[in-house]
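Trainee: The following block contains the structure, expressed as structure tokens.
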Amino acid sequence: MGNESLAPEAVPDSLGGFHPSTSPTASRYAHGTLVDKYGRHVTYLRLSITDRCDFRCNYCMAEKMTFLPRAQVLTLEECLRVARVFVDLGVTKLRVTGGEPLVRHNAVWLLEQLADLPGVKELVITTNGSQLERFASALHAAGVKRLNISLDTLRPDRFRAITRVGDLAKVLRGIDAAQRAGFARLKINTVMVRGGNDDELLDLAQFAVDRDIDIAFIEEMPLGDIGQRRQASFFSSQEAMARLQTRFALLPSTETTGGPARYWRLPGTSTRVGFIAPHSHNFCDTCNRVRITARGDLYPCLGNNDAVRLLPLLRAHPTDDGPLRAAIVGGMGIKAQGHAFSSQMDAPQVVRFMSMTGG
């Protein structure tokens with residue numbers, strides 16, 4: 001673990017993990033499911049299958065990145081094993097992330113296996129879209145229900161500047177391929193950067209409306225030292241909403257996709273607009289998710305450095321899931337009450353890059 005201390009409310013259970021015995025809300029959930037010491041029920045796992053990416057987005061990575069050696073990355077079989085244990089513990093939603101998950105060899109095989117796990121209600125993938133032209137049909141056939149596609153600009157030159165190496169036309173062809181493949185609901189994720197793409201928010205929302213897809217605008221988070229000043233580039237959800245309202249009516253909605261976005265409807269369209277605001281509207285009180293990095297570290301909270309290392313357990317006990325299960329249950333004991341990102345963003349509060357954590 002990154003931090004061995006556990007809050008006093010967390011007491012040992014029969015598996016060597018911890019459960020919230022003093023939480024008044026814990027009893028509402030079935031025995032053997034994951035509930036943290038604050039009574040939050042964890043039903044959503046974000047599983048990173050690679051730290052590698054074919055883009056180098058300037059808010060996500062340093063320009064010169066060092067990636068993990070293959071031996072330090074979960075095998076696909078280990079990814080499946082981890083996911084199976086989480087599903088046995090009551091997780092119903094799996095999101096496969098990276099890096100860029102579709103650059104991982106045989107990623108579609110893993111997705112097929114994950115979709116077949118009894119208890120999985122929703123299998124989702126987050127992608128930069130670069131590989132969708134090639135893989136969209138296979139993803140749909142594998143059982144992936146939804147795609148989240150990162151898209152921060154509609155200008156080719158700006159796209160190249162943000163991604164350092166990417167081709168906007170290829171991503172747009174990938175979105176077309178995904179719609180042709182039969183995905184009923186696509187969502188664009190846009191990280192807002194003042195002076196970088198904030199002048200395109202209206203155009204991006206219109207793009208979503210024209211394509212009958214959803215869009216989520218995301219406040220930049222202080223993860224990893226990217227060598228840039230984040231304070232000056234921060235653009236809030238309140239500002240984004242005000243800008244969108246100059247063209248669109250926004251009707252509040254109670255809809256959710258199980259993640260942190262708060263959604264609004266655009267009347268006369270099928271498009272939902274979401275805002276993910278870890279700074280201006282902290283969503284930690286309803287957090288239902290944990291993350292597994294490509295090297296097998298369990299992070300119960302995106303905005304904290306505390307973690308449980310699962311890879312050594314996987315390899316020390318290749319046929320016994322008991323130690324793995326106990327470590328996962330125990331990991332709920334270090335799930336923070338909240339991330340409390342500071343407005344002082346230039347010094348990263350979390351030392352790992354987003355590409356390492358899983359987008």
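The values are calculated or read from the model by the stated rules, or taken from the named source; none is laboratory data. Predicted model, so just to flag it, every value in this text is computed and none were measured. In this analysis, Cβ positions are derived from the backbone assuming ideal geometry, glycine residues included, and neighbour counts consider all displayed protein chains.
Trainee: May I ask you to list the residues in region 278-302 that are part of a loop (DSSP other than H, G, I, E, B) and buried (at least 20 other Cβ atoms within 10 Å of the Cβ)?
Mentor: P278, C287, T293, A294, G296, P300, C301, L302, listed by residue number.
Trainee: Would you point out the residue of region 267-277, among those that are surrounded by 20 or more Cβ atoms within 10 Å (Cβ to Cβ) and assigned to a loop (DSSP other than H, G, I, E, B), that is modelled with the lowest pLDDT?
Mentor: Restricting to residues being surrounded by 20 or more Cβ atoms within 10 Å (Cβ to Cβ) and assigned to a loop (DSSP other than H, G, I, E, B), the top hit is A277.
Trainee: Restricting the search to region 1-54, which residues are assigned to a loop (DSSP other than H, G, I, E, B), out of contact with any Lys or Arg (no Cβ under 6 Å at 6 or more places or on another chain), within 13 Å of I334 (Cα to Cα) and modelled with pLDDT under 50?
Mentor: Within region 1-54, M1, G2, N3, E4, S5, L6, P8, G17 qualify.
Trainee: Is it the case that V82 is part of a helix (DSSP H, G or I), at pLDDT 90 or above and not polar (S, T, N, Q)?
Mentor: In short, yes.
Trainee: A further question on this structure: Take the residues in region 317-334 that are surrounded by fewer than 22 Cβ atoms within 10 Å (Cβ to Cβ) and touching a strand residue (DSSP E or B) at 6+ places or on another chain (Cβ under 7 Å), then tell me which one is farthest from G39 (Cα to Cα).
Mentor: Only one residue fits best here, namely A327.
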